[in-house]
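In what follows, a structure is listed as structure tokens, so that the remarks can point back to it.
The values are calculated or read from the model by the stated rules, or taken from the named source; none is laboratory data. Remember, predicted model here, so these are calculated numbers, not experimental data. Backbone-built Cβ (ideal geometry, glycine too); neighbour counts: all protein chains shown.
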Amino acid sequence: MIKTFQDLVVWERGHELVLEIYKITKEFPDEEKFGLITQIRRSAVSVCANIAEGYKKTTKDFLRFLDIAQGSLEETKYHLILSKDLEYYSFQQFVRLSELADQVGKMLNGLYQKLH
């Protein structure tokens, strides 16, 4: 039974993605401290924050928050590509994070369709 946003599997997977992103960005160059590190963390956190914020809203509002979460996820995916292309982390890490992001995206779409 779902009692809080934390019970939503999509939120759990999104939170897992955030934690992984925080881990890898600790290894990014110091010059990215106020650049890419901040951007990728912000966009990843936004996915989960929007799920959480929208959870207690009306269905119509929750759908809007899920849409925003999807946009933040797409932004995060771009940051992952950029970070990989800048060689800030390994290709294997990129694959893992991309698969997790894709999983979150599918779950967001599924929840959106279920509620719509």
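Descriptive notes on the structure:
- No other residue among Val9, Val45 is surrounded by 11 or more Cβ atoms within 10 Å (Cβ to Cβ), more than 14 Å from Leu97 (Cα to Cα), without any contact (Cβ under 8 Å) to a residue 40 or more places away in the chain and out of contact with any Gly (no Cβ under 8 Å at 6 or more places or on another chain) apart from Val45.
- Members of region 10-38 found to be in contact with a Leu (Cβ under 9 Å, 6 or more places away or on another chain) and assigned to a helix (DSSP H, G or I), listed by number: Val10, Arg13, Gly14, Glu16, Leu17, Glu20, Ile21, Ile24, Thr25, Glu32, Leu36
- Test result for Leu66, touching a helix residue (DSSP H, G or I) at 6+ places or on another chain (Cβ under 9 Å), modelled with pLDDT of 95 or more, within 20 Å of Lys26 (Cβ to Cβ) and in a helix (DSSP H, G or I): no
- Taken over region 51-64, the residue count meeting the criterion of being touching a Gly at 6+ places or on another chain (Cβ under 9 Å) and either surrounded by 19 or more Cβ atoms within 10 Å (Cβ to Cβ) or more than 15 Å from Leu115 (Cα to Cα) (or both) is 2.
- If you go through region 76-102 and pick out every residue that is closer than 30 Å to Lys3 by Cβ and crowded, with 17+ Cβ neighbours inside 10 Å, you end up with 4.
- In region 75-86, the residues that are assigned to a helix (DSSP H, G or I) and not acidic (Asp, Glu): Thr76, Lys77, Tyr78, His79, Leu80, Ile81, Leu82, Ser83, Lys84
- Inside region 87-116, residues that are touching a residue at least 24 places away in the same chain (Cβ under 8 Å) and outside any helix (DSSP H, G or I) make up a count of 3.
- Residue among Ser72, Ser43 that alone is modelled with pLDDT of 95 or more, in a helix (DSSP H, G or I), small (Gly, Ala, Ser) and touching a His at 6+ places or on another chain (Cβ under 8 Å): Ser43
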